[in-house]
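Asks: Questions regarding the structure given below will be posed in turn.
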Amino acid sequence: TTAAAAKPRVAVVVFLLRGKTVLLGRRRSSVGDSTFALPGGHLEFGESFEECAARELKEETGLDIEKEMELLTVTNNLFLEPPKPSHYVTVFMRGVAADPDQEPQNLEPNKCDGWEWYEWDNLPNPLFWPLEKMVRTGFSPFPKTVE
Ligand code: 8DG
Ligand code: MG
Ligand code: MG
């Protein structure tokens, strides 16, 4: 498909927080290969954002997430790189693991090198650029604390 014939798609990704850390994995994909990204994937027909986030997290890491999630932001991302230009409206959710002792598994090793917890002020490099762009503008997925 050419970029003009293709349609924008909706992706839902999730900041899974554990203490001061967030879950990231190094991508294996034609889009953003070898960069660190959040768990997530394509919104399926009829799904809520929360359902999609929970399903993708489970498929990719085996982890369960608390039902209460927040929608943090939405960004518009154009990936013009060949061979397959794509356009995603990416919905960023936030949630916490249902069981803090549950460890992530790399359930899709063809798509990811493995999942690790990273501190927000010590993130790995390079980040997947939609995420990098947010970090550079000062975005944080952690709830604001009252001074
Ligand atoms: P699926 O078949 O499981 O539905 O898809 P997937 O293989 O899990 O898709 P994905 O590439 O992980 O996510 C879909 C798109 O979401 C990805 O191509 C670009 C967009 N996206 C962002 N930021 C992030 C991010 O931090 N993580 C992930 N996984 N995708 C992201 O714009
Ligand atoms: Mg997926
Ligand atoms: Mg994915």
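Asks: With the requirement that a residue be touching a residue at least 24 places away in the same chain (Cβ under 8 Å) and either surrounded by fewer than 14 Cβ atoms within 10 Å (Cβ to Cβ) or closer than 20 Å to residue 61 by Cα (or both), what does region 128-138 give you?
Replies: Across region 128-138, the qualifying residues are 128, 131, 133.
Asks: Identify, from the list 56, 50, the residue that is among the acidic types (Asp, Glu), modelled with pLDDT of 95 or more and away from ligand 1 (no atom under 11 Å from the Cβ).
Replies: Working: 56 fails: away from ligand 1 (no atom under 11 Å from the Cβ).
Selected residue: 50, the only one of 56, 50 that is among the acidic types (Asp, Glu), modelled with pLDDT of 95 or more and away from ligand 1 (no atom under 11 Å from the Cβ).
Asks: Sticking with this one: Just one of 77, 125, 106 is under 21 Å from residue 33 (Cα atoms), loosely packed, with under 14 Cβ neighbours inside 10 Å and of a type outside the set (A, V, I, L, M, F, W, C); which is it? Can you show your working first?
Replies: Details: 77 fails: loosely packed, with under 14 Cβ neighbours inside 10 Å; 106 fails: loosely packed, with under 14 Cβ neighbours inside 10 Å.
Answer to the check: 125.
Asks: Name the residues in region 27-74 that are part of a strand (DSSP E or B) and away from ligand 3 (no atom under 12 Å from the Cβ), would you? Outline the logic, then answer.
Replies: Within region 27-74, the first condition is being part of a strand (DSSP E or B), and the residues that meet it are 27, 36-37, 40-42, 65, 70-74.
Once the filter is applied, which keeps residues that are part of a strand (DSSP E or B) and away from ligand 3 (no atom under 12 Å from the Cβ), region 27-74 yields 36, 65, 70, 71, 72, 73, 74.
Asks: Any residue at all in region 8-30 that's under 12 Å from the mean Cα position of the chain (by Cα), polar (S, T, N, Q) and either closer than 17 Å to residue 129 by Cβ or loosely packed, with under 14 Cβ neighbours inside 10 Å (or both)?
Replies: Within region 8-30 (the criterion being under 12 Å from the mean Cα position of the chain (by Cα), polar (S, T, N, Q) and either closer than 17 Å to residue 129 by Cβ or loosely packed, with under 14 Cβ neighbours inside 10 Å (or both)), the answer is no, since none of the residues qualifies.
Asks: Residue by residue through region 32-51, note down the ones that are more than 12 Å from ligand 2 (Cβ to nearest atom) and surrounded by fewer than 17 Cβ atoms within 10 Å (Cβ to Cβ).
Replies: Within region 32-51, 33, 34, 45, 46, 47, 48, 51 qualify.
The values are calculated or read from the model by the stated rules, or taken from the named source; none is laboratory data. What you are looking at is a predicted structure, and each value in this text was computed from that prediction instead of being measured. Neighbour counts run over all protein chains shown; Cβ positions are idealised from the backbone, glycine included.
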